[in-house]
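The values are calculated or read from the model by the stated rules, or taken from the named source; none is laboratory data. Keep in mind that this is a model prediction, so the values were computed, not measured. With ideal geometry, Cβ positions are generated from the backbone for all residues, glycine too; neighbour counts draw on all protein chains shown.
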Amino acid sequence: MAELINSFPDFSGSFGDKRLERRAAQALQKLTLGRSSSLRQITENSAEQKSFYRLFNNESFSEGKIEQSIVNRCGQLCKGRHVLCIQDTTEFNLNGQRGRVKPLTGLGQTAKSEVLGFMLHSSLVIDANNTSALGYSYIKTWERKEQTPNRHQRNYQQLPIEQKESHKWIAATRQSEQLLQEAETLTIVADRESDIYDLIATIDGEKTHLLIRSNFDRRIVGNTKLISHLNNLPVMGEYNITVNSDMRKGIEKRTAAIALKWSQVSLMRSKRATVKDFQGHRELYVVEARELNKVKGIYWRLLTTHPVTNMQQAMQIIEWYKQRWHIEQIHRLLKTEGFRIERSQLEQGWAIRKLTMLAMMATLRILQMMLAYEDENEQPIEEVFDQDQQQCLAMMNTKLEGETEKLKNPAKPHTLKWATWIIARLGGWKGYKSQRKPGPIVLQKGLGKFYHMYDGWLIHQEFLKNVYTQ
């Protein structure tokens, strides 16, 4: 089988113990094929289950070493590419496991002080030109200590940036720059929480670029503020984009008419900034995307170091920012609807955090398939499914296709898009062109079903082989 481009990092030499390294590779494979974080469900017998419990509870099998193995693999894949390093933070609610998880083992407060859990910040790497997922350039988990004083008690605003949780945006950026030195260009993409002057001022805009959503009405050179400056600009262009439905957020599918503005601006140094910035201001470009004829529609103010001087460049900035959706889907898959990390039966918070890091690798195959279905420049199917699996998929395709053209697989045979259509049908997707494209949960269910059927298919093939050789 061809090596999976986004899976199975090389654990050789990572933990100083070949047995641990073999077991780590086996655990990752089981997570990828089993599509569950339950060790009981993905293991074949009690002996294997116990060995996996020992693995995740082993201090030598550390978070730092797991992350290093994962990000090193990503670094090898980014040579000569323009990549988007998409950062985001999420939290895991393990309050339901409070009676099971041992105290002081890596869990603490979340956004709600009474909820037990841990935090995750990561940087997903996407090829900017063909939108294929390449891996992660940063993964960190941590817990907020219980009974931690609040922001006011800690005098949070006066703390150095290195002592603030928000330093994660800078740490992830610096590590991504170090790791992806052989990439042609890096663009750091992040949401409003990353609107920190210390981060803005550290991006050189040469090899490394910034693309973040503005959160503050910052002062700009010219004795005015950012929002006022944008309000005084005329609309420079309009275009339509498709907004996909999201039942969780009450968003219905629609075509949105977007008005665009763009401008070069000089952001004045923030009073709370600690980074050395002798100019006292930072030259950037701002793109405003506002949905017309809708009160609570799309309204983005995007700050970037990429030059924006025309409509095409402004639309490109919007398209790159939209790629943030992919890391949100990764986080969604890790939680209750996918790998169900928040229902883990492990008894130590450290173990659950390490399990989460491996599950993040397993979710990438689902993301690969989603991207393949959306983009004609998909990656080769051989990097995801071997020849035997493709034969099994072909047999399933024959059974799943309907009599009419509407229910035929529209993709070219033996491409990743073709395989994605089959997997989605197995996951409950109807296959009609009028339907929205298959989502991550559908593909997660379909992959689980496929691998169970594939195991049966292999047994049948072995049976036929034995019959013909007797």
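May I ask you to verify whether Ile327 is under 27 Å from Gly427 (Cα atoms), touching a strand residue (DSSP E or B) at 6+ places or on another chain (Cβ under 9 Å) and hydrophobic (A, V, I, L, M, F, W, C)?
Spelling it out, Ile327 is indeed under 27 Å from Gly427 (Cα atoms), touching a strand residue (DSSP E or B) at 6+ places or on another chain (Cβ under 9 Å) and hydrophobic (A, V, I, L, M, F, W, C).
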| remark: Scanning the range 185-218 residue by residue, the ones that are within 17 Å of Ser270 (Cα to Cα) and either outside any strand (DSSP E or B) or at pLDDT below 95 (or both) total 17
| request: Could you run through the range 371-395 and say how many residues are touching a Lys or Arg at 6+ places or on another chain (Cβ under 8 Å) and buried (at least 17 other Cβ atoms within 10 Å of the Cβ)? | output: 4
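Kindly state which helices (runs of 4 or more DSSP H) lie completely within the range 5-78 and contain at least 1 residues that are more than 19 Å from Ile139 (Cα to Cα) and outside the structural domain of Leu124 (by TED's automatic domain parsing). Before you say what the answer is, go through the steps one by one.
Details: elements: 18-34, 39-42, 46-57, 63-77.
Here the list reads 18-34, 39-42, 46-57.
Please work out which residue is farthest from Lys79 (Cα to Cα), limiting yourself to the range 171-190 and to residues that are surrounded by fewer than 19 Cβ atoms within 10 Å (Cβ to Cβ) and within 18 Å of the chain's Cα centre (by Cα). Write out each step before concluding.
Initially, the range 171-190 is screened for residues surrounded by fewer than 19 Cβ atoms within 10 Å (Cβ to Cβ), giving 171, 174-175, 178, 181-182, 184-185.
Right, trim to within 18 Å of the chain's Cα centre (by Cα) and you get 171, 175.
Working: Ala171: 22, Gln175: 16 Å.
Going through the qualifying residues, I end up with Ala171.
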| request: Filter the range 132-142 down to the residues that are at pLDDT 85 or above and surrounded by 20 or more Cβ atoms within 10 Å (Cβ to Cβ), then identify the one that is farthest from the chain's Cα centre (by Cα). | output: Thr141
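Matching residues to (1) among the polar types (S, T, N, Q); (2) surrounded by fewer than 21 Cβ atoms within 10 Å (Cβ to Cβ); (3) in contact (Cβ under 8 Å) with a residue 12 or more places away in the chain; (4) not in a loop (DSSP other than H, G, I, E, B):
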| residue | (1), (2), (3), (4) |
| --- | --- |
| Glu403 | no, yes, no, no |
| His414 | no, yes, yes, no |
| Ala419 | no, no, yes, yes |
| Ile422 | no, no, yes, yes |
| Ser434 | yes, yes, no, no |
| Phe450 | no, no, yes, yes |
| Index of the failed condition, Leu367 passing every other in (1) surrounded by fewer than 18 Cβ atoms within 10 Å (Cβ to Cβ); (2) in a helix (DSSP H, G or I) | (1)
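Of all residues in the range 216-238 being farther than 22 Å from Gly280 by Cα and not acidic (Asp, Glu), which is surrounded by the fewest Cβ atoms within 10 Å (Cβ to Cβ)?
Taking the range 216-238 first, the residues farther than 22 Å from Gly280 by Cα are 231-238.
Narrowing the set further to residues that are not acidic (Asp, Glu) leaves 231-237.
Working: Asn231: 10, Asn232: 10, Leu233: 12, Pro234: 6, Val235: 11, Met236: 15, Gly237: 14.
Taking the candidates together, the pick is Pro234.
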| query | Do you know which residues across the range 436-448 are within 18 Å of Phe385 (Cβ to Cβ) and not in a helix (DSSP H, G or I)? | reply | Pro438
